[in-house]
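The values are calculated or read from the model by the stated rules, or taken from the named source; none is laboratory data. Please read these numbers as outputs of a predicted model, since none were measured by experiment. Cβ placement follows ideal geometry from the backbone for every residue including glycine, while neighbour counts extend to all protein chains displayed. Accessible surface is based on the protein model in full, side chains and every heavy atom, while ligands, DNA and RNA are left aside. Shrake-Rupley method; radii C 1.70, N 1.55, O 1.52, S 1.80 Å.
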Amino acid sequence: MSRLGRLTAETRAASLAFLRRRTAVFFTFFFPVIIVVIFGVLVQTQPGGGGLFTEPPSFYAPGYLAVVVLFTPLSRVGSEVARHRDGNRFEKLATTPLTRTEWLLAQTLVNVVIIGIAGLLILGLMVWLTGATIRLSGLLFPFVGLGVALFCAVGAMLGSLADSQDGVIAASNGIALPLLFLSETFVPQTLLPTWLPTWLSPLTYFSRGVRAATTGTGEALGPLAVLTVCAVVGFAVGARLLPRTD
């Protein structure tokens, strides 16, 4: 079987595995809806009022997108790696032509499609429920794809290093929650301490780029270059750490 054939088969298998987990499907799409309703409709934004949520609604598009771009790959891929490891599936995969890189790439492609659909749903809800002015720039899609690829790789690292599936979930939440609120997503940089090195977080470059792509303000190409490097390096490390056998 060719490399394309192996990727196609594994991608199809990963897609079916996701669809069979109805709870995962439900929360992948329902959780971001809850976030938009709580922060966008119930809390709402108050431009010029001081404090949190004082920016225009479109400012928070990167934050809402980051919820699925960050949390979903970390938990899904991390748990999948842990399940494969506990069930000796990597040992079985080692007897096939499928490489670890191809396996992780197939998982990443599935997540890109799922999260891309969820992202479009989020942006549509923002326009409908909050009146945000969102423009769909072509640069938005590579930012989402690279962000998903990066955090799929981090999820693979967690799944390879954590001692159990519960450990993966705990570690992913421990990483995702601080990043979500300290990477210029929901909280503007002006409200964060000047000593806080937000530039160390790859999610910061995702936020800056998505904000530039959806609002037309700020630079997009610089953050895109940094996010690309992070995704490539992260993917290589994540694929390298995947176990062959137990």
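Structural remarks
- Crossing angle, helix 202-215 versus the chain [Cα axis fit, 0-90 degrees, rounded to tens]: 50 degrees
- Toward the positive end of the charge dipole of the chain, with +1 on the Cβ of Lys and Arg and -1 on the Cβ of Asp and Glu, the farthest Cα among Thr95, Gly116, Ala231 is that of Thr95.
- Entry comment: accessible area of the range 35-174 is 41 Å² per residue, from protein heavy atoms only and a probe of 1.4 Å.
- With DNA, RNA and ligands ignored, accessible area of Arg3 (1.4 Å probe; Å², nearest 10): 150 Å²
- Computed magnitude of the charge dipole of the range 130-246 (debye, nearest 20; Cβ of K, R +1, Cβ of D, E -1): 300 debye
- Angle between the chain longest axis and helix 22-35 axis [Cα atoms, degrees, rounded to 10]: 20 degrees
- Heavy-atom surface analysis with a 1.4 Å probe gives the chain a carbon and sulfur content of 67 percent of its accessible area.
- Against the empirical 2.2 N^0.38 Å (N residues), the chain has a Cα radius of gyration ratio of 1.03.
- Solvent accessible area, Å² - Arg211, 1.4 Å probe, full protein context: 30 Å²
- Estimated vicinal HN-Hα couplings, Hz - the range 101-108 in sequence order (Karplus 6.51, -1.76, 1.60; Gly, Pro = x): 5, 5, 4, 5, 5, 5, 4, 5
- Between Pro193, Pro73, Pro56, the GNM of the chain built on Cα springs shorter than 10 angstrom shows Pro193 fluctuating the most.
- Note on the chain: with a GNM built from Cα contacts shorter than 10 Å, the maximum mean-square fluctuation among Leu200, Leu104, Leu182 falls on Leu200.
- Among Pro178, Pro32, Pro188: highest mean-square fluctuation, GNM of the chain, C-alpha pairs under 10 Å: Pro178
- Electrostatic dipole magnitude of the chain [Cβ: Lys, Arg +1; Asp, Glu -1; Cα centre; debye, to 20]: 640 debye
- In the assembled protein chains, Ser15 presents an accessible area of approximately 40 Å² (probe radius 1.4 Å).
- Residues Phe90, Phe31, Phe71, Phe141 ordered from highest to lowest accessible area at a 1.4 Å probe: Phe141, Phe31, Phe71, Phe90.
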